Amino acid sequence: MFDLKSRVAIVTGGSRGIGRAAAVALASRGARVVVGYASGQGAAEAVVEEIRAAGGAAEAAALDVSSPEIEPAIAEIAKRLGRLDVLVASAGVSVDGLLLRLKSSDLDRLLDVNLKGAIYSARAALKVMMRARYGRVILLSSVVGETGNAGQTAYAATKAGLIGAAKSLAREYASRGITVNAISPGFVETDMTRALTDEQRQGILQSVPMGRIGSAEEIAAGVVYLASEEAGYITGHSLRINGGMYM
């Protein structure tokens, strides 16, 4: 099950967190993985080495999703590798704060990376996938995109937008053999959540029925499933991996 041999996957934001775990998991199932990064070249190269050491195939690529130039960059990768089967739009940033105190520059950054970046990436990938009449597009959203959260208005808006984008794209491209889905992680151990205070962490855990923090690897398992043949009849779905935080 979940055999991805001969598949080519691009993971934006693949140098850390959920993106890193997704890249490793996809490679473990046989996919050739392109680990995209914006600034963390060293971290991306470390992911590539980890994958190769385990017998997988991977390479790193500078992919700044906040710029429209992401589109020709993805097109070049697909042309060079001969195909593009899976896109995991995992690149994201978080800037928290009450809306009245949020800088316009921070709002622009959130929109550029989290929302526009994923849409740019998807558009580039879909052009390739349409010709092949096959593809898997997976957008990394968040539980706060469904629930909202005080102090995260802009961040939550970008993540809610990804769910809307996935549903709309699913309708547009289902007839071409392409599925488009979102994943909505809950409270997961990443660089973003490690910055929280102990008091904040305990407050969040009280809202998680399973009573624990999730792992990036658990989210990556969902990525592998949605990228697989076994998930070929699932599209326009937002997969909640959140320990019961939102049902």
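The values are calculated or read from the model by the stated rules, or taken from the named source; none is laboratory data. These numbers come from a predicted model, not from an experiment. In this analysis, Cβ positions are derived from the backbone assuming ideal geometry, glycine residues included, and neighbour counts consider all displayed protein chains. Side chains are part of the model used for accessible areas, which takes the heavy atoms of the whole protein and leaves out ligands, DNA and RNA. Shrake-Rupley method; radii C 1.70, N 1.55, O 1.52, S 1.80 Å.
If the condition is being within 14 Å of the chain's Cα centre (by Cα) and either open to solvent by 40 Å² or more (accessible area, probe 1.4 Å) or without any contact (Cβ under 8 Å) to a residue 12 or more places away in the chain (or both), then region 202-236 contributes GLU217, GLU218, ALA221, TYR225. Just one of the numbered conditions (1) under 28 Å from VAL208 (Cβ atoms); (2) hydrophobic (A, V, I, L, M, F, W, C); (3) open to solvent by less than 30 Å² (accessible area, probe 1.4 Å) is not true of ILE70: (1). Of TYR173, TYR134, TYR155, all but one fail to be out of contact with any helix residue (DSSP H, G or I) (no Cβ under 7 Å at 6 or more places or on another chain) and at pLDDT 95 or above; the exception is TYR134.
So, of the residues in region 7-65 that are of a type in the set (S, T, N, Q) and out of contact with any Phe, Trp or Tyr (no Cβ under 7 Å at 6 or more places or on another chain), which turns out to be nearest to SER142 (Cα to Cα)? The extreme case among them is THR12. May I ask you to verify whether ALA157 is open to solvent by 50 Å² or more (accessible area, probe 1.4 Å), among the small types (Gly, Ala, Ser) and under 20 Å from ALA216 (Cα atoms)? Against the criterion (open to solvent by 50 Å² or more (accessible area, probe 1.4 Å), among the small types (Gly, Ala, Ser) and under 20 Å from ALA216 (Cα atoms)), ALA157 does not qualify. If only residues of region 176-201 that are open to solvent by 50 Å² or more (accessible area, probe 1.4 Å) and touching a Lys or Arg at 6+ places or on another chain (Cβ under 9 Å) are counted, the one that is farthest from TYR134 (Cα to Cα) is ASP191. Answer yes if at least one residue in region 111-127 is farther than 15 Å from SER66 by Cα and open to solvent by 20 Å² or more (accessible area, probe 1.4 Å), and no otherwise. For region 111-127, residues farther than 15 Å from SER66 by Cα and open to solvent by 20 Å² or more (accessible area, probe 1.4 Å): present.
Go through (1) among the polar types (S, T, N, Q); (2) in contact with a Phe, Trp or Tyr (Cβ under 6 Å, 6 or more places away or on another chain); (3) free of Cβ contacts under 8 Å to residues at least 40 places away in the same chain for SER168 and report which single condition fails. The failed condition is (2). Within region 62-85, the residues that satisfy the criterion of being of a type in the set (Val, Ile, Thr) and outside any loop (DSSP other than H, G, I, E, B) are ILE70, ILE74, ILE77. Summed over region 1-28, residues that are assigned to a loop (DSSP other than H, G, I, E, B) and of a type in the set (A, V, I, L, M, F, W, C) total 3.
Scanning region 122-145 for residues that are in contact (Cβ under 8 Å) with a residue 24 or more places away in the chain and over 18 Å from ARG176 (Cα atoms) returns LEU139, LEU140, SER141, SER142, VAL143, GLY145. Conditions: (1) free of Cβ contacts under 8 Å to residues at least 40 places away in the same chain; (2) surrounded by 14 or more Cβ atoms within 10 Å (Cβ to Cβ); (3) among the hydrophobic types (A, V, I, L, M, F, W, C). MET247 meets all but one. Number of the miss? Unmet condition: (2).
A count restricted to region 1-31 and to residues that are crowded, with 21+ Cβ neighbours inside 10 Å and more than 17 Å from the chain's Cα centre (by Cα) stands at 2. When VAL95 is tested against the conditions (1) more than 22 Å from THR235 (Cβ to Cβ); (2) buried (at least 17 other Cβ atoms within 10 Å of the Cβ), the lone failure is (2).
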